[in-house]
Amino acid sequence: MLSKPSLVAAALALSGALVPQAAVAQFRVPQVRVPQAPRPAPRPPVEAAAPQDASEAAQPDARERYREDMRTVLGGISPPGTAESDEHNRQTDELVAAHQAAVDRLVARDYPGVTDEQWERDMRAKLVTAENRARRTEGTVDWAMERVDRNAGTTPWLAASAYNEILIQDAELYAATRLFPDRADFAEHKQRTEAALALLVSREQAAAGFDAAALEAARNVRMPAAVASGADAEAPFRQAWPTSGIPYRIMRIAVTSGWSDKVEYGRVIGQTRDAAIAAQDPDNPDRCNLYSFTVFRDRSGSVRRDSHSTRRIACENVG
């Protein structure tokens, strides 16, 4: 058995203190090399996408803008509601402004992606509506300048309504002249609506403008020649006058026809007779109208108004 000193020596030998270096190496813990994961193969660099052309990117929006503008111009201007309200007037102004703005954009033709074929097709459609609208110019202006003023005294909003009609007609002709500048007839119609608007000045002053225009025309109106005169000839008209609802005072009557049968469903129901009646506004001595008045006399001899139309006459022309 080993003595204690021997055991100590052995322990020291195991610790390497008394053992040669070669022997110590036998007791070292071997170093294990951990394998590394293989590196991924490098990927080729991703090429940046070519930038999209700005005009190409804008094409969908441009085509939608084009469709909206063309719908606005082809659809025309039609204000909702009645002409008796301020709201109607406001909407009329807004629609006219939007319509003209759409026309200006169409003239500029800044719509990438809209083909020439589509443009030409839509322009053919617009030409048809422009020609139809141009044919309405004379009637629209004449209605405003002649008929409206006859009723302006009893229908105050009628002057503003007529102004709106001319304003809309002028805006429609603006489209016609801008989109078809070679059409001289469109330009002539546009000049007429511009002259009417210049005379009326504004919606608020339209009544005065109508009155001035009507009075100027009234100076050329004369009483027609009478085919019959006297109290007996005038009596049926004076009796029927209150049935007309016209509040004016009769100034003069010129009977212009004899009695004629009125037939309905093949049966004579009475007789009619015509006269020109000049009458004065009781609230305005400078306002006189000339009525083409037809009286109806039934089989019992009772008379009433059958029909009438009117125009203004200068009071000094009544005589």
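Every read-out reported here was derived from the displayed coordinates using simple, explicitly stated rules and does not represent laboratory data. The model shown is predicted, which means the values in this text are computed figures rather than measured ones. So basically every Cβ, Gly included, is an ideal-geometry build from the backbone, and we count neighbours across all protein chains shown.
Just a few scattered comments:
- The slack between ASP286 and GLU131, meaning 0.36 nm per residue of separation minus the straight C-alpha distance, is 51.7 nm.
- Spin-label pair ASN220/ARG183, simplified geometry with 7 Å Cα→Cβ offset, distance in nm: 2.9 nm
- Ordered by the count of other Cβ atoms within 10 Å of each Cβ, fewest first, VAL318, VAL96 give VAL318, VAL96.
- Gain on full extension, evaluated as 0.36 nm per residue between SER307 and ASP116 minus their Cα-Cα distance, stands at 63.2 nm.
- The ASN317 and ARG267 beta-carbon pair, evaluated with R₀ = 35 Å, returns a calculated FRET efficiency of approximately 0.25.
- Here the residues MET223, MET145, MET123, ranked from fewest to most Cβ neighbours within 10 Å of their Cβ, fall in the order MET123, MET223, MET145.
- Simple spin-label estimate for THR243 and GLU68 in nanometres, 7 Å along Cα-Cβ: 5.9 nm
- Protection proxy ranking of 188-201, 228-241, 257-270 - average other beta-carbon atoms within 10 Å, highest first: 188-201, 228-241, 257-270
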